[in-house]
Amino acid sequence: MEDSELMGEHYGRLYRRYKHMEEKYTERCNQNAYCAQFTQLLLEVDKTHDKIDTLRSAAAKNEKLYERYEKEHCISSDNMKNRIEKWKDMLQTEADAITKWCEETKSDVQSFMAGFEQASKSLHAELAKFFCRPSTSELNTDRSIVQFLENVKKLSEEADNSLQKMYTQHNKLSNFVLDH
């Protein structure tokens, strides 16, 4: 009878541990989804930088062509003013479109960063709670779980580093948009 009670307690603890690990696994799956979104947003930021570089290059070429055209053809001042206004309007329209797109990307990145940061903090809190248990005998019973959780903690710290890089990239993009 005592053996069955002891076995019942043992299996009860194992079941609770299993449920706990299952919850952790679900959390990690969610965090992996956040990481995938993070990667996608980084790709979008890179594409934005490429588009900005392309537009800047095109604007420089157009400016040179315009200057050459002006020298080759003596255009009246009124005609010149009209062309400049059209060019200015076109550039303003394009700049507004770029600014709008950048602001949308910025908003998406900020939203993702907030979610990612919250998930990271939650993971850190759970890991800290797990490693700060008063009884260390439970930790010694299954060293593989402890090793797994240590690896998860290391990955979480790497994710935090990635988040810091994302903040840096976001700040560079914001500064670029504000300066141009």
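Every read-out reported here was derived from the displayed coordinates using simple, explicitly stated rules and does not represent laboratory data. Because the structure is predicted, anything quoted here is derived from the model rather than measured. Cβ atoms come from the backbone with ideal geometry, glycine included; neighbour counts cover every protein chain shown.
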Worksheet item: Nearest 20 debye, what's the magnitude of the dipole of the chain about its Cα centre given +1 on Lys and Arg Cβ and -1 on Asp and Glu Cβ?
Response: 420
Worksheet item: Taking 0.36 nm per residue of separation and subtracting the Cα-Cα distance, what length does fully extending E94 through E72 add?
Response: 5.2 nm
Worksheet, complete the sentence: Percent of all Cα-Cα pairs per 10 Å bin for the chain, counting from 0 up to the last occupied bin, reads 7, 24, 18, 15, 12, 9, 6, 4, 2, 1, 0
Practice prompt. Grab the Cα-Cα distance for K121 and T168, subtract it from 0.36 nm times how many residues apart they are, and report the gain in nm with one decimal.
Written response: 15.0 nm
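For A59 and S4, calculate 0.36 nm times their separation in residues minus their Cα-Cα distance, and state this gained length in nm to one decimal. List each step's numbers first, then the result.
Values: separation 55, 0.36 × 55 = 19.80 nm, distance 8.15 nm.
Computed gain between A59 and S4 is 11.7 nm.
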Worksheet item: Any idea what angle helix 143-179 forms with the longest principal axis of the chain, computed on alpha-carbon atoms, 0 to 90 degrees, nearest 10?
Response: 20
Worksheet entry | Selected from L42, I98, M80, residue furthest toward positive end of dipole (region 33-106; charges at beta carbon) | M80
Worksheet item: What is the distance in Å between the Cα centres of region 98-128 and region 5-33?
Response: 28
